[in-house]
1. Taking the chain as the reference, fit the longest principal axis to its C-alpha atoms, fit the long axis of helix 197-206 to the helix C-alpha atoms, and give the angle between the two in degrees, 0 to 90, nearest 10.
2. Comparing Gly125, Gly111, Gly207, which has the greatest mean-square fluctuation in the GNM of the chain with Cα pairs linked when under 10 Å apart?
3. Got a sec to turn the phi values of region 209-226 into Karplus ³J(HN,Hα) couplings, 6.51 cos²θ - 1.76 cosθ + 1.60 with θ = phi - 60°, whole Hz, x for Gly and Pro?
4. Give me the percent of the accessible area of the chain that comes from carbon and sulfur atoms, probe 1.4 Å, all protein chains in place.
5. Given points 7 Å out from each Cα along the Cα-Cβ axis, report the Val399 to Glu132 separation in nanometres with one decimal.
6. Pull up the cross-link candidates among the lysines for Lys226, meaning alpha carbon to alpha carbon under 25 Å and not fewer than 8 places away within one chain.
7. Name the residue from Ala234, Phe260, Leu297 whose Cα lies farthest towards the positive end of the charge dipole of region 231-303, charges +1 on Cβ of Lys and Arg and -1 on Cβ of Asp and Glu.
8. With every protein chain left in place, what is the accessible area per residue of the chain in square angstrom, probe 1.4 Å?
Amino acid sequence: MDTFQVNRTYDNVFLIFVDAAGHSNVVAHNPRDQAGQAFDLLHRKVTERLATIAEQRRVGYARPWRWAGDGGFLIVHDDEESVARDVTLEFVHRLLTLDLPHLRDEFARLGIDGSLRLRVAVHKGSIRYRGEGNEGTIYSPDINFVAHLEKAAPPDTVAVSSDVVRVAGPYADLFTPVGEFEGRQIHLYAADTHAGGAAASWLAARGLAGGVPVHGYVERPSQFEKTRMVRAAATEVVDLGTSLRTASRYLVTTERPAHFRDAVLDFLGRGGTYRCVLMDPASEATRLLSAQRGEQLADKTREALSHLRQFRQRHAALADRLEVYQTPGYPGMACLATDLDDPCALILTSPYLMTPPGPGEQVERGDLPHYLVSRSAGPLFDRLRSLVRDFATSAVERVL
């Protein structure tokens with residue numbers, strides 16, 4: 001095979017990133033020597049497969065440029081672009097369909113625990129070669145893009161850019177258009193070949209267009225986790241819900257340690273304001289919601305108010321900055337928000353989903369999904385922040 005010449009720019013280079021998506025799983029479940037053996041096998045299989053196809057196709061240049069334990073970066077180029085294309089796409093196809101199953105069988109034979117899954121990304125672009133040993137220092141927007149694409153690819157798939165698909169020729173039918181990434185259309189080949197498998201894999205990994213990052217939880221985070229939010233707050237906490245019975249119980253508990261209460265007292269002692277907003281037990285919204293859910297919401301709200309009153313009485317020196325308000329409306333969500341006007345603002349929220357009519361039991365609010373949203377969510381954060389602010393300040397009556 002040829003070698004690249006120093007300080008020469010090469011066009012139509014096929015750039016391949018391969019990564020073991022199950023790396024941490026294998027490392028966590030095996031002794032270090034076995035985990036090392038596992039990824040040595042992966043390295044050997046990847047490099048041997050590329051070398052075999054490159055020799056068969058008589059390609060000009062095909063080499064791994066970097067390898068870091070669980071994956072690496074490979075380059076394929078030829079003066080005839082179709083030759084480099086054939087080597088690249090045959091390589092990634094066989095890697096997923098032949099080598100990955102064989103590697104899994106070998107892991108099982110050797111008693112290596114954990115699942116091996118591969119993410120592969122392919123792009124075509126230009127690079128300026130800087131010489132043997134300097135491959136890792138080459139700057140190229142195309143290399144950056146394919147590195148990012150590999151991280152975005154679902155496990156057990158090959159993600160390729162539209163630049164590759166345009167010249168894919170006989171391999172084009174392997175790939176399904178699945179969406180856009182960093183301004184380029186992406187096509188996917190998935191090892192699971194059922195109808196819609198590639199599109200479903202991409203959507204599961206990347207979500208719908210316009211999505212933003214949110215942390216999701218299957219149920220209400222524990223008292224200790226909510227305590228972490230209060231301790232991280234600087235000036236403001238807003239606690240919004242229907243009755244706030246759970247939070248109010250945290251504040252008057254006789255159990256030790258009382259993590260949440262201690263955090264609230266510390267926050268108040270630092271000059272913070274803790275604003276509780278719950279439904280007016282005498283409002284029409286409370287009556288209607290109680291009837292819908294079949295619960296004594298007004299009684300729960302009065303119980304919470306009693307607990308909050310006890311807390312203020314017991315900690316009078318600090319509790320003046322604990323403000324309690326009633327709203328005549330129905331918030332439709334639970335929310336613990338901190339420092340809403342600051343760059344590090346956080347909103348932990350849960351929409352109040354209703355149980356369908358029928359004989360089933362009502363789902364408790366603590367069993368509903370919860371979501372932690374920060375400013376990184378952009379417009380989603382802004383919309384939630386506006387809703388929380390409105391419910392915490394509009395048409396409310398201070399009762400404590």
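The values are calculated or read from the model by the stated rules, or taken from the named source; none is laboratory data. Here the structure is a predicted model, which is why all the values come from computation and not from measurement. Here the Cβ positions follow ideal geometry from the backbone for every residue, glycine too, while neighbour counts run over all protein chains shown. With ligands, DNA and RNA removed, areas are computed over all heavy atoms of the protein, side chains included. Shrake-Rupley method; radii C 1.70, N 1.55, O 1.52, S 1.80 Å.
1. On a 0 to 90 degree scale, this one is about 50.
2. Gly111
3. With coefficients 6.51, -1.76 and 1.60, one gets 4, x, x, 10, x, 9, 8, x, 9, 5, 8, 4, x, 5, 4, 5, 5, 5 Hz.
4. In the chain, the share of accessible area belonging to carbon and sulfur is 49 percent.
5. Using points 7 Å along Cα→Cβ, the separation is 8.0 nm.
6. List returned: Lys300.
7. Phe260
8. Details: 19440 Å² over 400 residues.
With all protein chains present, the chain gives 49 Å² per residue.
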